[in-house]
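Trainee: Structure provided below as C-alpha cells; questions to follow.
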Amino acid sequence: MVKVEVETLFLQEKPAKMMLTLRGTDKPVYAAILSKETDSTYAHTLRVLLKLEELGLVRFEEKGRIKLVRLTELGGALANELSSLLDLLELAEIASAIESLYEREVKGHLREEINKEAVLNRLGQQTKKLEPLTHGKSEGIEQLAKKQLKRIEEVLREVKGLIVG
C-alpha cells in the first residue's frame, strides 16, 4: 500500500472509529458488532478491516463462520496515537472558542458592558469539555488542557474585575 493511501485511510472517519472502538476493549470483537458501533455496512467494515490486517494493525480470529477481530500491538499503538490526535484537535477547538469569546465579549469592553452571565456560561461549557482532558491522558495533553483552564481563569478574573496578572 502506498504511503498516501495509508494516510488517506486514517484520515477517514470510519477507519479511525474502528481503530478507536477496538482500542476500547481487550477482547476480540465481532466484525458485525464493529460495523454497528461505527455505523458502517458490514461489507465496508470488512474491506477496512482487511486493509488494517494487511498493514499488521488487526488480526482475525475465526470461530466457525464468525470472524472476531482484535488490534495487534502495533494497531494498539496507532489507536493510542489516533486518540491523542483527536484530543489535540479538541483542545484546539476549545482554545479557539475561548480566545474568540475573549476577543468578542471581553477585550476592550468596560466591565459594565460585558454580559457576564453569558460569558460565564460559555466559559463553564468550555471548562466541562476540558475536564476529561486533564487526567488519564498523555502528560502533554494534560498540560495543554490545564493551560487552557488557566486561560479560562484569567478571562474569568478579568470579567469579574479582579486584578489580572
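Trainee: Looking at Glu99, Glu93, Glu154, can you tell me which residue is among the acidic types (Asp, Glu), out of contact with any helix residue (DSSP H, G or I) (no Cβ under 7 Å at 6 or more places or on another chain), surrounded by fewer than 18 Cβ atoms within 10 Å (Cβ to Cβ) and within 30 Å of Thr45 (Cβ to Cβ)?
Mentor: Checking each option against the conditions leaves just Glu93.
Trainee: Moving to a separate point now. Take the residues in region 13-49 that are assigned to a loop (DSSP other than H, G, I, E, B) and modelled with pLDDT under 90, then tell me which one is surrounded by the most Cβ atoms within 10 Å (Cβ to Cβ).
Mentor: Selected residue: Pro28.
Trainee: Further question on the same structure: When residues of region 140-165 are filtered for being of a type outside the set (Gly, Ala, Ser), at pLDDT below 90 and over 19 Å from Arg122 (Cβ atoms), how many remain?
Mentor: Adding up the residues that qualify gives 1.
Matching residues to (1) at pLDDT 95 or above; (2) among the charged types (D, E, K, R):
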site: Glu61; (1), (2): no, yes
site: Asn80; (1), (2): no, no
site: Ile98; (1), (2): yes, no
site: Leu101; (1), (2): yes, no
site: Leu110; (1), (2): no, no
site: Lys116; (1), (2): no, yes
site: Ser138; (1), (2): no, no
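Trainee: Could I ask something else about it? Using the structure shown, decide if Gly64 is under 30 Å from Asp26 (Cα atoms) and small (Gly, Ala, Ser).
Mentor: yes
The values are calculated or read from the model by the stated rules, or taken from the named source; none is laboratory data. It should be emphasised that the depicted structure is a prediction, and the values quoted were computed from it without experimental measurement. Cβ coordinates were reconstructed from backbone atoms using ideal geometry, including for glycine residues, and neighbour counts include every protein chain displayed.
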